Structure formats: C-alpha cells, structure tokens
Amino acid sequence: MNMKDLKVIHKINEIRPLINNNLGKIALVPTMGALHKGHKSLIEKASEQNEFVVVSVFVNPVQFGVNEDYDKYPRCLEKDVELAKEAGADIVFAPSVDEMYTDIYFKEKETTLVCPPYKYVNRLCGKSRPGHFDGVCTVVSKLFNITKCNRAYFGQKDAQQLFIVQKMVKELNFDIEIVPCPIVREDDGLAVSSRNSYLSYEERKIAPNIYKALMCAKKLKEGGIKTPDILIDASYAYLKDFDTDYIEIVSKEDFCPISEVKENSLMLIAAKTKKNSVRLIDNMEL
Ligand code: PAF
C-alpha cells in the first residue's frame, strides 16, 4: 500500500509554492468530498500515472441550484483525507468557499463564469439543473489554474460533465490531459456515488434497476435492435419506481441524440427515487 506523507492544504497561497515543474507530472483529482471507492480508483490511477497527485475536496456552491442539496451534501474531510492517503495522494486541497470565491460573489452573486455553449448545457442534466455546468466549468478552471496540473481525472459516471470539460479544455487551450475513468459499481450494479448515502433501505434495494435498464438496452442492441425509441421504451419498464428525469441515447462524439444506434452510442439515465427524491445518474455504452 502506498502511504505518502500527505499534506492537507486549505489556502491557495499555501498550495502554490508546493507545486512546481520539478515534481514531475502533476495530477488533479477534483472531487466534492464524501470520497468512495469510485474516487479511490481515480486517485489510484492518478498516482500510478503521475509523480504528484492533488485531490481537491470542495463542495462548489456555484454548481448547485437553489433547491438542490448544497446544504445537506455530505462533508467528512477527515475520512476523505484517510482515503486519499491510502490511494496515494500527496496533497488534499480543501479550500473554504470564501477562499475560492471573492466577497462580491456572496454579496451580489457575481463572479466571472466559464460558460460552455448553451447547446450542450440545456440538455440532459443541464436541463433540470440550469447553471450547473457553468458552475462546474468555472470551479474546474480555477482548480486547473491553482494546481497547475498536467492531467486531471474524471469519472465516466458524470458523462455529460466529462464531455463538457473535455470540450472546455480543448476550446480554452488548457495544456491539460483529461483522463476518463470507468464507472465503479456495487456488486448489484448500482453506480457508486456520494449521493447513494441519501437512499432509504427500500430505495437502496430498487436503485440497481437503473443499471438493469441500461443492461436491457445493451442486450437488445447486441441482439440487433438499433432504433433508439424501442430501446428507450424497453428500458423504461425498469424505471417505474422512479421519477425519470431523462433517458436518452446520444452519440459519444457530440452528445447529440441519434436516429440509429451505432458504435459509440451512449444511453444516459437520470432518475429520482420517489420517497427521498435522490437523483441518481448512470450511463452505458451500447
Ligand atoms: O464531479 C464532481 O464531483 C464535481 O462536479 C467537480 C468536478 C469536483 C466540480 O465541482
């Protein structure tokens, strides 16, 4: 087990002098904390592929809508530090909100934002979470600038986020390689997520139906069915215990809907449990 001497840093002016080119390749694993085995796999991969690994832990208010779970989002820095250390991180960067955003943001809700094109953010998760991807791209850009990372690790569970961040990096000329990391699942198929902790006992039992819905579409596609609507209808049958936000099949190239399922097609689902309104997302290449 890799157990480095990990530092926990809260201030931007304290992390800056610790990071320089002499360290070798620098990796960033951006997180909102409540780290689980999905994050662990990202940190482990980052530490295998780079000489220096920064894990950021920051629940970013700018990416949450007014009625979302910003206040109740799980915060457990001590446990996060333990997991990051075990997985091989060198620094946990855990700034406060005041550290990341200037006074004016709090007084007037005003800050410079990085806003991806509307075409990509007004769909899927962005449709029910207006402003979410502006918040994500803004904080991710800030973290890139603060950590001067060469590579950044993102989970494929947040597929739309990954697509939008990759696009941002290309279009804003960040000299950073984005490394996509596979979805980590529980034994019953449920994609691991910090929000799974909100699930009641009963909801936890039905949560893997989202994975079953994806598997159903994948099997039908492998059997030769290529019409998105047929696959979507078949998958819906598994989602009757949820309030489905969306179920769509898109091309991985541009994240736009497709008329026929080919290689590189992704089915994406977002669905809320009925009792605790836990919003779960998942996706699968068909
Ligand atoms: O995926 C997340 O946890 C967040 O959206 C991220 C990338 C850490 C930005 O706050």
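Evaluate E = 1/(1 + (r/R0)^6) for ASN22 and GLN49, where r is the Cβ-Cβ distance and R0 equals 22 Å; express this FRET efficiency to the nearest 0.05.
Efficiency, rounded to the nearest 0.05: 0.75.
Restricting to the chain, compute how many DSSP beta bridges are antiparallel as a %, nearest 5.
In the chain, approximately 50 percent of DSSP beta bridges are antiparallel ones.
Computing the accessible area with a 1.4 Å probe over protein heavy atoms, can you report the carbon and sulfur percentage for the chain?
Solvent-exposed carbon and sulfur of the chain make up 49 percent of the total.
Could you tell me which of rounded, prolate or oblate describes the range 48-134, using a ≥ b ≥ c as the square roots of the eigenvalues of the alpha-carbon gyration tensor, with rounded for a/c under 1.5 and, failing that, prolate when a/b is larger than b/c and oblate otherwise?
Verdict is prolate for the range 48-134.
So if each residue of separation counts as 0.36 nm, and I subtract the Cα-Cα distance between LYS240 and LYS119, what length gain in nm does that give?
40.6 nm
Please say if the range 143-286 is rounded, prolate or oblate, where rounded means a/c under 1.5 for a ≥ b ≥ c the square roots of the C-alpha gyration tensor eigenvalues, and otherwise the choice is prolate for a/b larger than b/c and oblate otherwise?
oblate
For LYS4 and SER200 in the same chain, what is the full-extension length gain: residue separation times 0.36 nm, less their Cα-Cα distance, in nm?
Fully extending the segment from LYS4 to SER200 adds 66.9 nm.
Specify the inter-centroid distance of the range 72-149 and the range 151-180, based on alpha-carbon positions, in whole Å.
Cα centroid of the range 72-149 versus Cα centroid of the range 151-180: 14 Å apart.
Show the residues, 5+ positions off or on another chain, whose built amide H is closer than 5 Å to the amide H of LYS7.
So LYS7 has HN proximity to ILE91, VAL92.
Modelled label-to-label distance, THR111 and ASN145, 7 Å Cα→beta-carbon offset: nm?
1.1 nm
Modelled label-to-label distance, CYS76 and CYS256, 7 Å Cα→beta-carbon offset: nm?
Computed distance between label sites CYS76 and CYS256 equals 4.4 nm.
Along the charge dipole of the chain, Cβ charges K/R +1 and D/E -1, which of GLY88, CYS125, VAL57 sits furthest on the positive end?
So the residue furthest toward the plus end is CYS125.
At 1.4 Å probe size, put THR102, THR244 in order of accessible surface, largest to smallest.
The most accessible residue leads, giving THR102, THR244.
What per residue convex hull volume, in Å³, do the alpha-carbon atoms of the range 35-97 yield?
Output value, Cα hull per residue: 94 Å³.
Just to confirm my numbers, what's the Cα centroid distance between the range 1-51 and the range 255-272 in Å?
Taking the Cα centre of the range 255-272 as reference, the centre of the range 1-51 is 33 Å away.
Using the heavy atoms of the protein chains alone and a 1.4 angstrom probe, what is the accessible area of the range 215-276 per residue in square angstrom?
54 Å²
Using θ = phi - 60° and the Karplus curve 6.51 cos²θ - 1.76 cosθ + 1.60, what whole-Hz ³J(HN,Hα) does each residue of the range 280-285 get, with Gly and Pro shown as x?
After applying 6.51 cos²θ - 1.76 cosθ + 1.60, I find 10, 10, 7, 7, 7, 6 Hz.
Can you give the net charge of the other residues whose Cβ lies under 12 Å from the Cβ of PHE52, counting K and R as +1 and D and E as -1?
It works out to a net charge of +3.
Which value in deg cm²/dmol, rounded to the nearest 500, describes the helix-derived mean residue ellipticity at 222 nm for the chain, given -39,500 (n - 2.57) per DSSP H run of n ≥ 4 and division by the residue count?
Mean residue ellipticity, 222 nm, calculated: -10000 deg cm²/dmol.
Leaving out ligands and nucleic acids, and using a 1.4 Å probe, what accessible area per residue does the range 1-152 come to in Å²?
50 Å²
The values are calculated or read from the model by the stated rules, or taken from the named source; none is laboratory data. Quick caveat: nothing in here was measured; it's all calculated off a predicted structure. Positions of Cβ are generated from backbone atoms using ideal geometry, with glycine treated the same way; all protein chains shown enter the neighbour counts. Ligands, DNA and RNA are excluded from the accessible area calculation, which covers all protein heavy atoms including side chains. Shrake-Rupley method; radii C 1.70, N 1.55, O 1.52, S 1.80 Å.
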